[in-house]
Amino acid sequence: MSIITNAVQYILDLGASAMLPVILTIFGMILGQGFVKSFRAGLTVGVGFIGINLVINLLSEYAGGAAQAMVERLNLNLNVLDVGWPVAASITWATPIAVMLIPMLFIVNIIMLALNLTKTMDVDIWNYWHLIFAGGVIYYATGSLPLCILCALIHAIVTFKLADWTAPAVGSFLGLPGVCLPHAETVAWAPVCYTLNRIWDKIPGLNKVDVTGDTLKKKLGFMGEPMFLGLVLGIIIGALAGYDSKAIILTGINMAAVLVLLPRMVALLMEGLMPISEGAREFIQKKFPGKEVYIGLDAAVATGHPTVVTVSLIMIPITIALAFLLPYNRMLPYADLAVLPFTVIWAVVASRGNIIRSVLNSSVMLCAIFFIATNLAEATTTMGKAVGFAFPEGATQISGIDASCHILVWVFAKFCDPANMPMLIAAVVVVVAYFGMWYLCRNDVKVQAAEAEGTEV
């Protein structure tokens, strides 16, 4: 067992940029693309991911650093520390259930594909941690292995179905045809954001406002381009952080670079993915006529959209303000402020790039995320202590924006604690409301894709 554990851990330690070339090369050869073509495609995707990560690290260094300076400047005194997704992922992979759940989740995905229960082929094995996180929380909350496996598998099934549902928007709005995003903590918010978009449609005045990157560019020329917007937003963030003039200018220039470079890195990744995607389409059509398969990737590929980055920068000061203003919040936003581009993806996509609506969607989401983060802090802290995580000095409890984006994890935790009747009732209400929203908006993604393509549903 230890040999298998070490082998799996070795592969996971390589990260997505090294795992994907291997997985996609094997996948391409299975699809009949040949070794050279498959390896070239896989390697290009790996290089694209490295490029995306380099730009995201740039975003983390400057925008994240400025956000943390804002937090310190405001002297926010909250006793739950946002330790960031890397820590949440590390804690999850260190749980004893992780090695067992990886093959289980993969097999469930293959079975669902074979039975036409999903169109998603999730090759993003590293990000299985989001699905395993659900099992980890339940494992340490109840001590029941069967229950933790059940919750992780349900989480995976719902995530694959959400990825299927949202795939047309990934192709039409994000420009990633044949791709879906089974990234549990991002796609989980799609039903909520599409419902919110319907609400904004009903509000007089707001339903007439349509501020997008394209409209800004048309009206403002160069001043409406992503590069200039990045410069302005970076300068504002640097000023709010209390930086000196030199640091403010550097933050502005680097944010301009982020908005220019991220889309180009995603384009490189798509260059490598297209041969695999086309090969998968040809293979499926040959073996299973009429069947469609989407390649499931890390949501990082969506962060290259200029509006996603723009909204995430706008949300930095808003997120900090919400942490201070929300009476129920005890989490100090910190490390995960740099991953807001992931958090706001579906806020942007559901609003079709309308910046005003995207900010409103994101603000509503963050209100819910802060509640989950505070409410699940004890469970996350228990997991961290169980695997020997070294707590930062002064931190009594840990949580995170990214880890708290998992709506179903919170629901599972409340269902497994029937003694807390108010929270159990709240979880039932959330489940009914959540799947009700999904049903209500079931055709919205297809309509959005059809509008983009100029066709009818």
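The values are calculated or read from the model by the stated rules, or taken from the named source; none is laboratory data. Everything numeric here is computed off the predicted structure, so don't read it as measured data. Here the Cβ positions follow ideal geometry from the backbone for every residue, glycine too, while neighbour counts run over all protein chains shown. The area values use the complete protein model at the heavy-atom level, side chains included, leaving out ligands, DNA and RNA. Shrake-Rupley method; radii C 1.70, N 1.55, O 1.52, S 1.80 Å.
Shown here: the range 306-381, whose C-alpha atoms stretch 37, 20, 19 Å along the first, second and third principal axes, sorted largest to smallest.
When each of the peptides 399-407, 230-238 is scored by the mean number of other C-beta atoms lying within 10 Å of its residues, the order from highest to lowest reads 399-407, 230-238.
In whole angstrom, the range 79-182 maps to an equivalent ellipsoid with semi-axes of 26, 18, 11, each derived as √(5λ) from the alpha carbon gyration tensor and ordered largest first. Spin-label model, residue 387 to residue 431: label points 7 Å out along the Cα-to-beta-carbon direction sit 2.6 nm apart. Shown here are the Rg and Dmax of the Cα trace of the range 320-457, at 17.6, 58 Å. Note: relative contact order over the range 105-236, using C-alpha pairs below 8 Å and six or more positions apart, is 16 percent. The alpha carbons of the range 126-198 stretch over 44, 28, 14 Å along the principal axes, in descending order. Solvent-accessible surface of the range 79-189, taken per residue with a 1.4 Å probe and all protein chains present: 29 Å².
Over the range 304-354, accessible surface divided per residue gives 24 Å², non-protein components excluded, 1.4 Å probe. Spatially, the range 150-167 and the range 40-55 are offset by 26 Å when compared through their Cα centroids. When the Cα convex hull of the range 171-211 is projected onto planes of every orientation, the mean area is 3.8 nm². Annotation for residue 271 and residue 368: the two label points, set 7 Å from Cα along the Cα-Cβ direction, are 3.8 nm apart.
Stretched out straight at 0.36 nm per residue, the stretch from residue 90 to residue 423 would grow longer than its current Cα-Cα span by 117.0 nm. Here the peptides 200-206, 360-366, 295-301 are ranked by packing, the mean other Cβ count within 10 Å, and the order with the highest first is 295-301, 360-366, 200-206. Projected label points at residue 415 and residue 292, each 7 Å from Cα along the beta carbon direction, are separated by 2.9 nanometres. Work out the FRET efficiency for residue 443 and residue 111 from their Cβ-Cβ distance, taking R0 = 25 Å, and round it to the nearest 0.05. Rounded to the nearest 0.05, the efficiency is 0.35.
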